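Data first, discussion second: the structure below is written as structure tokens.
The values are calculated or read from the model by the stated rules, or taken from the named source; none is laboratory data. Just so you know, these numbers come straight off a predicted model, no measurement behind them. Cβ atoms come from the backbone with ideal geometry, glycine included; neighbour counts cover every protein chain shown. All accessible areas refer to the heavy atoms of the entire protein, side chains included, with ligands and DNA or RNA removed. Shrake-Rupley method; radii C 1.70, N 1.55, O 1.52, S 1.80 Å.
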Amino acid sequence: MTTYSKYIDIAIALPVYNTFTYLVPENFSNFISIGKRALVPFGKRRVTGYILGSCEKTTRSEIEIKSILDILDEKPLFPSSIVPFFRWISEYYIYPIGEVIKSALPSGLNLYEYAVISITEDGKNVLKDNSVPPIQREILSSLESEACQLKNLCKIINIPNSLIQTMENLGLIVSKRELKGGRTRPKLERYVSLTSSEISIKELSAPKKKIIDALKEDGELSVKKLKELVPSAPGLIKPLENKGYVSTIKKRVYRDPFGESIETDSAHILTKEQEQVISKVVTSLNKGFSTFLLAGVTGSGKTEVYMRIAAEAIKKKCKVLVLVPEIALISQMERRFRARFGECIAVLHSGLSAGERYDQWMRIASGEATIAIGARSAIFAPFDNVGVIIVDEEHDISYKQESGLCYNARDLAVVRAKLNNGVALLGSATPSIQSYYNVTINKFTELTLKKRIEKRPLPEITIIDLRKSRDYRGVKKFISSELHEAMKKTLERGEQILLFLNRRGFASFPVCSSCGKAIRCKNCDISLTFHKRANAYKCHYCGFTLASTSNCPTCGSAGIKLLGLGTEKIEAAVKSLFPNAKTARMDRDTTTRKGSVLKLLKGLKNNTIDILVGTQMIAKGHDFPNITLVGIICADLSLSLPDFRAGERTFQLLAQVSGRAGRGNVSGRVILQTFNPEHFSILSAKTQDFKVFYNKEIHFRKSLKYPPFSRMVQIKISGNDKGKTRQHALAVGDLCNSLKKNNKFFIKTIEVLGPIEAPLPRIAKQYRWQILLKSLSVKELHSLIHLMMFRNSSKFYKQKVKVVVDMDPFFMM
């Protein structure tokens, strides 16, 4: 057992930037452990803190140092090895370390967790004599009639948790920790095996003989499998068991996202390219920190590479962390990993209930799980020794958290690998400009998969110029004759179609036919979108809705023209063109219910869907061999955004969605419709050549000194009072320029852009301004931010105006 000094370092779960020293009373000394929560006095209140380690020395007198009040956890929530990672995040993102840890832990942990205490038989026996201290007797007496929640017991009797743990160790009481929402329940199946080699076959019926023969051949089979061979098997097993011929045992089986038990799979035959990639990564395991960028075309078998590397890491006693951008992709990745590795897999994502998330977290913390798969928050998985961190679709902007702690999980994967002397493997068919730039300056090592598995060709991409159909009316305006004909032939062959439009709803721009004004959200400076299924106008930013029968808010006219496109309108058009085809839609409107995404994916897998219309949700990582045609309705939606990454995101999205076609035995085709057929992002997507795009884009970035040639900080200022928000934004801008002017290093190294109104100046009744800071040196940016936040806090912060600092921002709107 680790011995701790009487002083410990604690991070408070409040927006305070320092850690604090607390005194450990002697009765708590045996219960102290890094990663546990402690109840501590802070000011005039008691708050939750996280134990980060011991403090050997303190400059303050012992009288001034406050003592901890209680230990809140029986087992640590995170290992000591992850503490330097938390500290790095706090320093880099300039975010309170207690809030960092709170963000890392399963959400709602403190709210859902509680303990139920009950008395044991030994406790009842001890209660009959006078051998226990009065406080323990009082506790046992309170539990004699019925079990009690620990928090309720503490209300009746003023006792510390450490006393409860002591009584539990003595066997007087037993505590059961529970979570509201329930724990994950394992699925159990009965398995049957032979127990006797001497079986009188003659006396058995034909079905029973068939069961015995099957067990002789396979050794052990599930009742479910036997039922497939002999439909009456469940009723025949008990008589066979009574005669001593067979025995049954219940085994835990895993369910995949489609609600089926996962059968074990075997490793696939590798291509030479895959073998070379795996060899290079595996050779670097346990040999210090390294980062690889795996640039593999769509359908090149990156997932098989990930699994082979994971298998080698496990053999070398390393833990494996796999990050995936979307929950739907987690389900697919989880299925494949479970089939290969079995019960050592844990998953972490927001689709789990509070109880399930906590269970998965503790499985990782306890060492039961050696591989964790999850979305961006899984970067905090409590492994004590991470050997490999795999980031699939590393280019995806979903890895950037936009609220609270604004971290980038892809970047943190590299940081955590470095702190653990491990390997970071970033994979994508369309790498981010930042990651590929790191290859060119030798920070990352490039690995490539240039060919699809089984020598399958990349899809043929045809560009359709929508300017030629600009004056058309009806369906022909957005479904060209080329796309219509290709869809018709694809359906005739019994193959599947994917139609992509990155905008949901029916009509994205409803306009009054009388006054010409757009129907706008009352809380945001943006037009509403008409949703036909909901029969309402909706705001996609704040959720405001307006009934479809509403008149124009400006002039009162009832004549509203439903202009613009959305996936709902595309779905309706497709159903009118192909009434006999089974059409479905996959966007945020159709996937809000739990299990809805999996239902749609299962429909594609089982060929009960002929045409799937969707947003970017359908563009990432899905592998359905029967999809042979992808139609991109309008490729230009993201090109016009006021964001220096607009071209990069457009190329990535188009190349990714194109990669969904032709992943089976039949070659694929893509019809790409655009108003900008000459744009280099469109042309690069047509040839599916990332390096051509990179070489063009990197020159623009360099000339404008945008990332990766500089580092950026976005200061977001928002408030519900337009005048006060503007006034404070200008004041923060003046503070930036004043501090820059008075520092010779800042003058040379930092550029201040703004303050300026955000491109979306009002969202959810909040008026929005922003300031961008650019510099070649992240150290200088940190210095300037620290001066503003900590030495000029009265000027930087203002009541009723929110100021947020976002390091390495993504969302510029």
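Ile756 is checked against (1) of a type in the set (A, V, I, L, M); (2) surrounded by 15 or more Cβ atoms within 10 Å (Cβ to Cβ); (3) part of a strand (DSSP E or B) and fails just one. What number does that condition carry?
(2)
Answer yes or no as to whether Asp129 is open to solvent by 40 Å² or more (accessible area, probe 1.4 Å) and either basic (Lys, Arg) or modelled with pLDDT of 80 or more (or both). Let's see the steps before the verdict.
Details: open to solvent by 40 Å² or more (accessible area, probe 1.4 Å): yes; either basic (Lys, Arg) or modelled with pLDDT of 80 or more (or both): no.
For Asp129, the condition - open to solvent by 40 Å² or more (accessible area, probe 1.4 Å) and either basic (Lys, Arg) or modelled with pLDDT of 80 or more (or both) - is not met.
Does Phe500 meet the test of being touching a Gly at 6+ places or on another chain (Cβ under 7 Å), among the aromatic types (Phe, Trp, Tyr) and open to solvent by 20 Å² or more (accessible area, probe 1.4 Å)?
Details: touching a Gly at 6+ places or on another chain (Cβ under 7 Å): yes; among the aromatic types (Phe, Trp, Tyr): yes; open to solvent by 20 Å² or more (accessible area, probe 1.4 Å): no.
No: the conditions fail for Phe500.
Search region 684-706 for residues being of a type in the set (Lys, Arg) and in a helix (DSSP H, G or I), and hand back the single one that is least open to solvent (accessible area, probe 1.4 Å). Working first, answer last.
Going through region 684-706, the residues of a type in the set (Lys, Arg) turn out to be 686, 691, 696, 701-702, 705.
Keeping just the survivors that are in a helix (DSSP H, G or I) gives 686, 691, 696, 701-702.
Working: Lys686: 84, Lys691: 88, Lys696: 105, Arg701: 10, Lys702: 132 Å².
Step by step, filter region 684-706, then rank; the result is Arg701.
Within region 613-627, how many residues are open to solvent by less than 10 Å² (accessible area, probe 1.4 Å) and in contact with a helix residue (DSSP H, G or I) (Cβ under 6 Å, 6 or more places away or on another chain)?
2
Which of the residues belonging to region 286-304 are out of contact with any Leu (no Cβ under 8 Å at 6 or more places or on another chain) and either assigned to a helix (DSSP H, G or I) or surrounded by fewer than 18 Cβ atoms within 10 Å (Cβ to Cβ) (or both)?
Scanning region 286-304 gives Asn286, Lys287, Gly288, Phe289, Thr303.
Any idea which residue in region 447-472 is farthest from the chain's Cα centre (by Cα), counting only those that are part of a strand (DSSP E or B) and surrounded by fewer than 16 Cβ atoms within 10 Å (Cβ to Cβ)? Give the derivation first.
Within region 447-472, the subset part of a strand (DSSP E or B) is 447-449, 460-465.
From the residues that got through so far, the ones that are surrounded by fewer than 16 Cβ atoms within 10 Å (Cβ to Cβ) too are 448, 460, 462, 465.
Details: Thr448: 25, Glu460: 32, Thr462: 34, Asp465: 37 Å.
Ranking the candidates gives Asp465 first.
Only residues in region 342-367 that are on the phi > 0 side of the Ramachandran plot and touching a residue at least 24 places away in the same chain (Cβ under 8 Å) count as the first member; pair them with residues that are among the polar types (S, T, N, Q) and not in a helix (DSSP H, G or I), Cβ under 9 angstrom, at least 6 apart or cross-chain, and list the lot.
Listed pairs, sorted by first residue: Gly342/Thr264.
Filter region 707-751 for residues that are in a helix (DSSP H, G or I) and touching an Asp or Glu at 6+ places or on another chain (Cβ under 7 Å); which is most open to solvent (accessible area, probe 1.4 Å)?
We begin by selecting, within region 707-751, every residue in a helix (DSSP H, G or I); these are 722-741, 744-749.
Filter once more, keeping what is touching an Asp or Glu at 6+ places or on another chain (Cβ under 7 Å): 745-746, 749.
On the way: Phe745: 120, Phe746: 5, Thr749: 51 Å².
My answer is Phe745.
Report the residue count in region 540-593 for those that are touching an Asp or Glu at 6+ places or on another chain (Cβ under 6 Å) and closer than 13 Å to Phe506 by Cβ.
2
Identify the residue in region 535-559 that is over 28 Å from Ala758 (Cβ atoms) and in contact (Cβ under 8 Å) with a residue 12 or more places away in the chain and, among all such residues, is surrounded by the most Cβ atoms within 10 Å (Cβ to Cβ).
At the first step, the residues of region 535-559 found to be over 28 Å from Ala758 (Cβ atoms) are 535, 547-549, 551, 555-559.
Then drop every residue that is not in contact (Cβ under 8 Å) with a residue 12 or more places away in the chain, which leaves 535, 547-548, 555, 557, 559.
On the way: Asn535: 11, Ala547: 8, Ser548: 15, Cys555: 12, Ser557: 13, Gly559: 12.
Checking each candidate, the answer is Ser548.
Look through region 171-198, keep the residues that are outside any strand (DSSP E or B) and modelled with pLDDT of 85 or more, and return whichever of them is surrounded by the most Cβ atoms within 10 Å (Cβ to Cβ).
Within region 171-198, the match that is surrounded by the most Cβ atoms within 10 Å (Cβ to Cβ) is Leu172.
So, in region 305-322, how many residues would count as being open to solvent by 10 Å² or more (accessible area, probe 1.4 Å) and in contact (Cβ under 8 Å) with a residue 24 or more places away in the chain? Even if it seems obvious, please write down each step before you answer.
First pass over region 305-322, keeping only residues open to solvent by 10 Å² or more (accessible area, probe 1.4 Å): 308, 311-312, 314-317, 319.
If we keep only those that are in contact (Cβ under 8 Å) with a residue 24 or more places away in the chain too, we end up with 308, 311-312, 314, 316-317, 319.
Residues flagged as open to solvent by 10 Å² or more (accessible area, probe 1.4 Å) and in contact (Cβ under 8 Å) with a residue 24 or more places away in the chain within region 305-322 amount to 7.
Tally the residues that are in contact with a strand residue (DSSP E or B) (Cβ under 7 Å, 6 or more places away or on another chain) and open to solvent by 80 Å² or more (accessible area, probe 1.4 Å), restricting the search to region 199-228.
The qualifying residues number 2.
Just give me the residues in region 378-428 being over 18 Å from Lys102 (Cα atoms), in a helix (DSSP H, G or I) and out of contact with any Phe, Trp or Tyr (no Cβ under 7 Å at 6 or more places or on another chain), in sequence order.
Correct list: Ser398, Tyr399, Asp411, Ala413, Val414.
May I ask you to list the residues in region 519-534 that are surrounded by fewer than 20 Cβ atoms within 10 Å (Cβ to Cβ) and in contact (Cβ under 8 Å) with a residue 60 or more places away in the chain?
If the condition is that a residue be surrounded by fewer than 20 Cβ atoms within 10 Å (Cβ to Cβ) and in contact (Cβ under 8 Å) with a residue 60 or more places away in the chain, then Asn523, Asp525, Ile526 are the ones that fit.
Any residue at all in region 436-446 that's part of a strand (DSSP E or B), more than 22 Å from Val100 (Cβ to Cβ) and at pLDDT 95 or above? Give the steps one after another, and end with the answer.
Initially, region 436-446 is screened for residues part of a strand (DSSP E or B), giving 445-446.
So of that shortlist, the ones also more than 22 Å from Val100 (Cβ to Cβ) come out as 445-446.
If we keep only those that are at pLDDT 95 or above as well, we get 445-446.
The answer is yes, given that some residue of region 436-446 is part of a strand (DSSP E or B), more than 22 Å from Val100 (Cβ to Cβ) and at pLDDT 95 or above.
Of the residues Lys605, Lys599, only one is farther than 26 Å from Gly427 by Cβ and either without any contact (Cβ under 8 Å) to a residue 40 or more places away in the chain or not hydrophobic (A, V, I, L, M, F, W, C) (or both); which? Steps first, please.
Values: Lys605 fails: farther than 26 Å from Gly427 by Cβ.
Selected residue: Lys599, the only one of Lys605, Lys599 that is farther than 26 Å from Gly427 by Cβ and either without any contact (Cβ under 8 Å) to a residue 40 or more places away in the chain or not hydrophobic (A, V, I, L, M, F, W, C) (or both).
Scanning for something more than 18 Å from Asp525 (Cβ to Cβ) and open to solvent by 30 Å² or more (accessible area, probe 1.4 Å), does region 762-775 turn up at least one residue?
Within region 762-775 (the criterion being more than 18 Å from Asp525 (Cβ to Cβ) and open to solvent by 30 Å² or more (accessible area, probe 1.4 Å)), the answer is no, since none of the residues qualifies.
Take the residues in region 12-29 that are in a helix (DSSP H, G or I) and in contact (Cβ under 8 Å) with a residue 40 or more places away in the chain; name whichever of them is surrounded by the most Cβ atoms within 10 Å (Cβ to Cβ). Even if it seems obvious, please write down each step before you answer.
The initial filter retains those residues of region 12-29 that are in a helix (DSSP H, G or I), namely 26-29.
Remaining after also requiring in contact (Cβ under 8 Å) with a residue 40 or more places away in the chain: 27-28.
On the way: Asn27: 11, Phe28: 21.
Filtering first and then ranking leaves Phe28.
Test Leu352 against the stated conditions and say whether it is buried (at least 24 other Cβ atoms within 10 Å of the Cβ) and either out of contact with any Ser or Thr (no Cβ under 8 Å at 6 or more places or on another chain) or more than 23 Å from Ser284 (Cβ to Cβ) (or both). Explain how you work it out, then say what you get.
Details: buried (at least 24 other Cβ atoms within 10 Å of the Cβ): no; either out of contact with any Ser or Thr (no Cβ under 8 Å at 6 or more places or on another chain) or more than 23 Å from Ser284 (Cβ to Cβ) (or both): yes.
Spelling it out, it is not the case that Leu352 is buried (at least 24 other Cβ atoms within 10 Å of the Cβ) and either out of contact with any Ser or Thr (no Cβ under 8 Å at 6 or more places or on another chain) or more than 23 Å from Ser284 (Cβ to Cβ) (or both).
Of everything in region 629-647 that's buried (at least 24 other Cβ atoms within 10 Å of the Cβ) and in contact with a Ser or Thr (Cβ under 7 Å, 6 or more places away or on another chain), which residue is modelled with the lowest pLDDT? Explain how you work it out, then say what you get.
First, pick out the residues of region 629-647 that are buried (at least 24 other Cβ atoms within 10 Å of the Cβ): 629-633, 635.
Within this subset, residues satisfying the condition of being in contact with a Ser or Thr (Cβ under 7 Å, 6 or more places away or on another chain) are 629-630, 635.
Details: Leu629: 95, Val630: 95, Ala635: 92.
Filtering region 629-647 for residues that are buried (at least 24 other Cβ atoms within 10 Å of the Cβ) and in contact with a Ser or Thr (Cβ under 7 Å, 6 or more places away or on another chain), the one modelled with the lowest pLDDT comes out as Ala635.
Kindly check whether there is at least one residue in region 62-85 that is within 30 Å of Leu419 (Cβ to Cβ), at pLDDT below 85 and open to solvent by 60 Å² or more (accessible area, probe 1.4 Å).
Yes, region 62-85 contains at least one residue that is within 30 Å of Leu419 (Cβ to Cβ), at pLDDT below 85 and open to solvent by 60 Å² or more (accessible area, probe 1.4 Å).
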